[in-house]
1. Hey, among the residues in the stretch 92-110 that are among the charged types (D, E, K, R) and touching a His at 6+ places or on another chain (Cβ under 9 Å), which one's least open to solvent (accessible area, probe 1.4 Å)?
2. If we keep just the residues of the stretch 23-35 that are within 26 Å of Arg171 (Cβ to Cβ) and of a type outside the set (A, V, I, L, M, F, W, C), which is most open to solvent (accessible area, probe 1.4 Å)?
3. Can we say Ile184 is open to solvent by less than 70 Å² (accessible area, probe 1.4 Å) and at pLDDT 95 or above?
4. Restricting attention to the stretch 154-172, report how many residues are within 11 Å of the ligand (Cβ to nearest atom) and within 8 Å of Cys137 (Cβ to Cβ).
5. For the stretch 10-40, what are the residues that are farther than 20 Å from Ala286 by Cα and among the β-branched types (Val, Ile, Thr)?
6. From the list Ala20, Ala38, which one is under 23 Å from Glu3 (Cβ atoms), within 16 Å of the ligand (Cβ to nearest atom) and open to solvent by 10 Å² or more (accessible area, probe 1.4 Å)?
7. In the stretch 29-110, which strands (runs of 3 or more DSSP E) lie fully inside it and hold 3 or more residues that are more than 17 Å from Val188 (Cα to Cα)?
Amino acid sequence: MAEKARLAVLISGRGSNMAALLYAARLPECPFEIVLVASNVPDAAGLTLAAAEGVPTFTHDHRGMKRADFDALMDVELSRAGATHVALAGYMRLLSDGFVERWAGRMVNIHPSLLPAHKGLDVHEGVLASRETVTGCSVHLVTRELDGGPILGQVRVAVLPDDTPTTLAARVLIAEHQLYPRVIGDWVAAETSPDAIFARVRDLALALPAAREKLSHGSPSFFVEGGKFFAYLSADHHGNGITALLVKASGIEEQASLIERDPDLYFRPAYFGPSGWIGIRLDLGAIDWAHIDDWLTRSWRASAPKRLALLPF
Ligand code: GRF
């Protein structure tokens, strides 16, 4: 199994969603682990629970601090914990644009309504006031718009005739606890799927001048117009179970020395004969995308016609 996503959970209070995530993370095969529970409220009850369960915690009172300064402080702690993803779970603090940008695509929130209905606070009061018969909860990516990012998952909850905001909130909360771990699990697992990895390689490869894609023996492959192939993607080639990128090193000597230096990451691709093509594994967990980009660029240069290869970029 690929390395787990490293999730930080931000809370301001009770932390029951955080607890749902924490216990889900203990189940075998859960694709995420909780590496930090952080709060802007030092006496948040959820912090005590997280600490008792052996999860690292961080807290700092936000009062008296500028929003951006406080978020920068949080960001330092997230980095220190090695967080790769962030889950907001009852985090009652608006985030600065900078923080939202930095975690774009890697931060989710749970909200106790069927978004886009009933954004913001006093959700259950709103549902009852407008006599709705169905409500629910939503998990969404966090963007600059409050409760407005793309929705990743929802669960519907019936409104009972004698519901009060308190009884309704309690029932919606049960649904939240089911939804949040499931959605986060699917979300982080999808990121490490071969499809998602290939999409990212494709973006990098096709950003190179005159780069084109075509299928070669069923694999997505990239070539330079008027030149040669510079990269192949390989997924479970002949049942080898490996997801990898194949690029061109300078020759068989470099191929051998790369494999000797890092035999987990590099391999000699089958069916390429004695050539300089080198396989780079993409299925070992966190991918060093700058490294992949460097290899694509190098391989592109080795494969492009001279007039293009000499372009300064
Ligand atoms: C939940 O209802 C969540 O949807 C909302 O705040 C509440 C947090 O509850 N964003 P808890 O702290 O997770 O128990």
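The values are calculated or read from the model by the stated rules, or taken from the named source; none is laboratory data. These figures come from a predicted structure and were not determined experimentally. Don't worry about glycine lacking a Cβ; one is built from the backbone with ideal geometry, like all the others, and counts go over all protein chains shown. Heads up: the accessible areas ignore ligands, DNA and RNA and are worked out on the full protein's heavy atoms, side chains in. Shrake-Rupley method; radii C 1.70, N 1.55, O 1.52, S 1.80 Å.
1. Filtering the stretch 92-110 for residues that are among the charged types (D, E, K, R) and touching a His at 6+ places or on another chain (Cβ under 9 Å), the one least open to solvent (accessible area, probe 1.4 Å) comes out as Arg93.
2. Going through the qualifying residues, I end up with Arg26.
3. Yes, satisfied.
4. Number of matching residues: 1.
5. Result: Ile11, Val37.
6. Ala20
7. 32-39, 57-59
Listed here are the residues, each with its yes/no results for (1) free of Cβ contacts under 8 Å to residues at least 40 places away in the same chain; (2) more than 24 Å from the chain's Cα centre (by Cα); (3) more than 10 Å from the ligand (Cβ to nearest atom); (4) open to solvent by less than 10 Å² (accessible area, probe 1.4 Å).
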residue: Pro112; (1), (2), (3), (4): no, no, no, no
residue: His118; (1), (2), (3), (4): yes, yes, yes, no
residue: Leu121; (1), (2), (3), (4): yes, yes, no, no
residue: Gly126; (1), (2), (3), (4): yes, yes, yes, no
residue: Arg131; (1), (2), (3), (4): yes, yes, yes, no
residue: Val142; (1), (2), (3), (4): no, no, yes, no
